[in-house]
Amino acid sequence: MRGRHADAYSMYKRGTRDYINAYDKEQVRSLNGVSKEIGNPSWKRSFLYILVASLASFLYGYHLGVINETLESISNDLHFNGNTMAEGLVVSICLGGGFLGSTFSGLIVDRVGFRRAFQLCALPMIIGSSMSATAKNLSGMLLGRLFVGTGMGLGPTLATLYVTEVSPAYVRGTYGSFTQIATSLGLMSSLLIGFPAKETEGWWRICFWVSAVPAALLALFMEFSPESPHWLFKEGRAADAEAAFEKLLGGPYVKGAMAELSKSERGGEAETVKLSELLFGHHRKVVFIGSTLFALQQLSGINSVFFFSSTVFKSAGVSSQSANISVGIANFLGSFAALLLMDKLGRKVLLIGSFSGMVVAMGLQAASASSLVSSSNEVYLSVGGMLLFVLAFSVGAGPVPSLLLSEMFPGRIRAKAMSVCLASHWVVNFFVGLLFLRLLEQIGPLVLNTIFATFCLVAVIFVKRNVLETKGKSLQEIEIALLPPE
């Protein structure tokens with residue numbers, strides 16, 4: 001086995017031209033690796049594996065929302081009720097763990113591959129959920145949330161990269177939307193399961209125990225899923241990459257996919273990528289675009305909605321249960337719309353439309369807090385603005401950045417560059433979760449929502465000026481367009 005891999009790796013290192021000559025060139029007639037005679041590969045072959053990977057996004061959404069309905073009960077049982085900083089810390093410590101997981105996600109993927117990385121992602125979620133469910137004090141809860149956060153940091157990165165690398169080009173945008181749908185389903189599930197928390201003593205512990213089930217399923221099903229052929233090929237395991245392509249695309253497409261892969265991949269270089277190269281080297285502009293896009297995504301204020309919607313609706317005199325159901329439905333409908341539109345309208349159009357809608361929605365929420373609006377209309381503007389905000393976010397600003405950047409980064413740096421960009425996501429997310437309630441108390445909803453709306457407007461301008469369209473292009477076409485050989 002070792003000899004076979006060494007032979008494959010040796011052939012791979014001889015260069016693109018020699019490697020392509022090993023294949024039948026008659027079957028390699030287009031850059032997307034599919035011959036004109038046989039059309040596109042069946043989407044059904046990779047569909048189940050996309051669903052398995054989306055369990056990581058489901059868990060991310062679940063743990064984002066699980067604290068929403070249960071925070072009041074947790075603070076009462078663990079004796080920190082009324083301490084807004086402690087409540088914010090229960091939310092934000094998870095995001096701090098997410099930063100750690102995200103930071104090391106690229107290194108982990110490059111070392112052990114996607115299948116083992118997904119299983120490593122599930123492990124801290126199982127351990128952390130168990131620790132939170134059995135917590136006796138604030139410290140125990142914080143430690144459990146920190147463990148869960150490390151898994152949350154790994155999950156979105158892994159899911160996005162895996163979906164990007166195993167999906168046929170013509171449905172990659174659609175499959176990429178599955179991660180956002182899974183996130184919204186996880187969020188809705190946590191809200192629905194959390195409803196009895198305020199009436200049933202200790203129910204919040206059940207909410208944490210439940211999350212261990214999908215984490216265990218993720219670890220189990222990944223054992224039967226194919227490894228990314230891109231990662232295998234990059235490791236010099238060409239024969240295994242062929243087997244993975246056959247499982248994902250079908251036999252007739254293997255030669256074309258392998259030849260296409262050889263056009264851009266560079267064997268043995270992935271592990272030599274340094275942070276300085278990403279920040280100051282040839283790829284610095286794309287890394288800057290990615291980091292800024294993720295930061296603006298969180299500075300829009302979206303996770304303040306997911307974390308604290310119950311608190312906000314309660315202050316507006318609206319039932320938290322009905323309000324949270326509405327938030328979950330809006331998030332799911334927007335995610336489903338993104339699935340339908342991603343490969344039709346394109347990534348850039350969805351981003352611009354999404355952030356523009358968020359400007360309007362956050363403007364409505366700011367207006368509801370002004371003295372110009374009567375108390376009878378305040379509730380409608382506040383609740384309506386929040387639901388419109390979630391809907392607009394889930395159509396574009398939610399699912400697009402991760403997919404777009406995983407497409408734009410060359411395979412050699414994809415995992416590590418994504419981990420760097422997502423670090424900005426987790427840092428901003430941490431401070432939004434930590435400071436939102438305190439800022440809401442000190443500067444009020446009018447000023448706070450105006451600040452969020454301003455960031456959304458900045459995002460619209462930034463996307464127009466910096467983001468390139470990747471719809472319908474193979475990963476190799478995108479790489480050649482953005483980073484031509486020197």
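The values are calculated or read from the model by the stated rules, or taken from the named source; none is laboratory data. All values derive from a computational prediction rather than experimental measurement. So basically every Cβ, Gly included, is an ideal-geometry build from the backbone, and we count neighbours across all protein chains shown. Side chains are part of the model used for accessible areas, which takes the heavy atoms of the whole protein and leaves out ligands, DNA and RNA. Shrake-Rupley method; radii C 1.70, N 1.55, O 1.52, S 1.80 Å.
Some points to look at:
- Remark: accessible surface ordering of Tyr175, Tyr49 (largest first) is Tyr49, Tyr175, probe radius 1.4 Å.
- Pairs spanning more than 30 Å between alpha-carbon atoms, out of Lys44/Lys255; Lys247/Lys416; Lys247/Lys285; Lys136/Lys198; Lys234/Lys285: Lys247/Lys285.
- Three-way shape label, segment 135-215, alpha-carbon gyration tensor, a/c 1.5: oblate
- Whole-Å semi-axes of the ellipsoid equivalent to segment 430-469 (Cα gyration tensor, √5λ, descending): 27, 12, 5
- Modelled FRET efficiency - R0 30 Å, Tyr380 with Ile206, Cβ distances, 0.05 increments: 0.30
- The gain in end-to-end length when the Arg465 to Phe47 segment is fully stretched comes to 147.0 nm, 0.36 nm per residue minus the alpha carbon separation.
- Ranked by solvent-accessible area (1.4 Å probe, protein heavy atoms only, all chains present), the residues Asp110, Asp343, Asp77 order from largest to smallest as Asp77, Asp343, Asp110.
- Gyration tensor verdict on segment 330-402 (Cα atoms; rounded if a/c is under 1.5, prolate if a/b is larger than b/c, oblate otherwise): prolate
- Counted residue by residue at 0.36 nm each, then reduced by the alpha carbon distance between them, the extension gain from Leu217 to Val112 reaches 35.8 nm.
- Counting only protein chain heavy atoms and rolling a 1.4 Å probe, the accessible areas of Phe455, Phe280 rank, largest first, as Phe280, Phe455.
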